[in-house]
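This report concerns only the one structure given below.
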Amino acid sequence: RLNWVSKLGYGVGHVLNDLCAAMWFTYVLIFYSLVLGFNAFDAGVVMLVGQIADAAATPVIGILSDRGPKCCGINLRKRKFWYISGSLLVVITVPFLYSQCFGCTAASSTLKLVYYNFFVVLFQFGWAAAQVAHLAFVPDLTPDENERTFLLSIRNTFTVLSNISVYFVAFGVLEITNSSEGRLSPADLTKFQDIILIICGVGAVTTIFFCFTVKEASSESLLHVDDEQQIVNEEATPATRRTFCNLFSSLCLYQVAGVYMGTRIFCNVIQSLVPLYLHETLQLDAQSIAVIPFVMYVSSFVTSLISGWLNGVCGRKITYVLGAVVCVGASLWVWFDHGYLYNTYFIYIVAVLFGGATSVLLVTALAVTADYIGDDTGNSAFLYGIMSFVDKLSCGIVIMIIQGLKKTVGQRWFYRDSLAIVCAVSAIIGTLSLLTMKAPNRVNRTQENEVTS
């Protein structure tokens, strides 16, 4: 079995991506709208371009990571090659996303949009490379179902801690006060740059720790599990790799993608719209814009500690349904309630519910994906790439539609309606996709096209 150092190393290996993602989904719309002065539609374009770039990159990186040849002496099948390359690209490009347009501060809005989208594409390519490689390590490191779920649970725990850390840093660096006039403005540009500097520094340290503590197994050496689930090292013939035809003709692939897509839309929309909902719909002060999401992520962190256990006790379907019920309930609360009591007290309960649902749904969706991959580690990066493709493209389109409608509709309750409807519908999509599947256990060598019980 994996030792605790390797498990911890794996858990922190995605922290750089998580910190950058927290900034991206939480602050990018606010930053480009309130700090750089973009209109709502152009800010949505920036996010959509990023999501499309990520979506396009992930399947390609997955194929190269699973099946790529050697190029200029570099083995493209090495997970760590993609992980390290992607992490370096993220560290280099992310500062440009939260800075003034160099040499074009007086340029037209179109030119500025092109400038930022150039760096967005590079950033998202690096982010996708690190993400796919990191996820693909899970089936490579262990064939044990419970250990895979545990690794994903640790990963999600550090994801939540990363989100909490971003809020702590933002709360401190932006010098938020109790003043109701404490709104973000172009004067906060340098403060965002300080936040990015801290994020890149912490992320670089955790990335280095991952590289030294997690060893990449050779393609010849596999871990096997005997009847008592005892793992031993031995030389063995790898499981038969499913062909692209096998994969894309399998209904189960699309059901797993539906679960993953619904879950990610919910999680990303929560991150993106909650600050706007608090700012424009409830018209709360800047302190609340930081504190309420912080409460949400504390709830998510606490729930992430038991999500793996909950999956083991209740199974994937029951666990996911429980999370979805909480999500829909919180969405209905957002839709129907408003006023002094809600804005002052009840909004914190809603934040707790959303945070708990986020961890339960995300850990379960990742576990379902790992179950579908099973022993077919030769396709693991590609399959995670497919999941990420569906996730990023759908999220980008949804957020772009929301921002486009905001430009047309423009009424106060718009973000309330968008948050409630999108979160509830996405959770229902994920639930229906999972409930129509056969029991989502691991794919074995003899049953390659469907998830068996």
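What follows is calculated from the coordinates using simple rules that are stated; it is not laboratory data. This structure is a prediction, so every number in the text was calculated from the model and none was measured. Counting neighbours? That spans all protein chains shown, and the Cβs are built from the backbone with ideal geometry, glycine included.
Results, tabulated for the structure shown:
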quantity: The range 329-424 - Debye-derived log10 I(q)/I(0), Cα point model, q = 0.14, 0.23, 0.24 Å⁻¹; calculated: -0.72, -1.18, -1.22
quantity: Counted charge near V398, where neighbours are those whose Cβ lies closer than 12 Å (Asp, Glu -1; Lys, Arg +1); calculated: +1
quantity: Proximal charge balance of V269 [Cβ under 14 Å; K/R count +1, D/E count -1]; calculated: +2
quantity: For the range 1-217, convex hull volume per residue from C-alpha positions, Å³; calculated: 138
quantity: In the range 186-215, the chymotrypsin sites (Phe, Trp or Tyr not before Pro) that fall in loop regions by DSSP, at most 16 other Cβ within 10 Å; calculated: none
quantity: Mean projected area (nm²) of the alpha-carbon convex hull when the range 71-170 is viewed from all directions; calculated: 9.2
quantity: Those lysines that a straight Cα-Cα span of less than 27 Å connects to K215, excepting residues fewer than 8 apart in one chain; calculated: K7, K70, K78, K80
quantity: Quarter of Cα convex hull surface for the range 245-317, i.e. mean projection, nm²; calculated: 7.0
quantity: Tilt relative to the chain, helix 251-276 - C-alpha long axis, 0 to 90 degrees, to 10; calculated: 30
quantity: Helix-only [θ]222 nm of the chain, DSSP H runs n ≥ 4, -39500 (n - 2.57) each, per residue, nearest 500; calculated: -24500 deg cm²/dmol
quantity: Cα-based Rg of the range 248-439 normalised by 2.2 N^0.38 Å, two decimals; calculated: 1.05
quantity: GluC sites (Glu not before Pro), loop per DSSP, at most 11 other Cβ atoms within 10 Å - longest free stretch of the chain; calculated: 229-453
quantity: Inter-site label distance for V205 and V313 at 7 Å from Cα along Cβ, in nm; calculated: 3.5
quantity: Gained length - Y348 relative to T190, 0.36 nm times residue gap less alpha-carbon distance; calculated: 53.9 nm
quantity: Principal axis box of the range 1-110, alpha-carbon based, largest edge first, Å; calculated: 53, 35, 23
quantity: Span from the the range 297-317 Cα centroid across to the the range 1-63 one, whole angstrom; calculated: 23
quantity: Stokes-Einstein D (µm²/s) once Rh is taken as the Kirkwood radius of the chain over alpha-carbon pairs, at 10 °C in 1.306 mPa s; calculated: 71
quantity: Candidate lysines for bridging to K317, where Cα separation is under 20 Å - those fewer than 8 sequence places away on the same chain excluded; calculated: K438
quantity: Quarter of Cα convex hull surface for the range 269-363, i.e. mean projection, nm²; calculated: 5.7
quantity: Sites W4 and I397 - FRET efficiency at Förster radius 56 Å, r taken between beta-carbons, to 0.05; calculated: 0.85
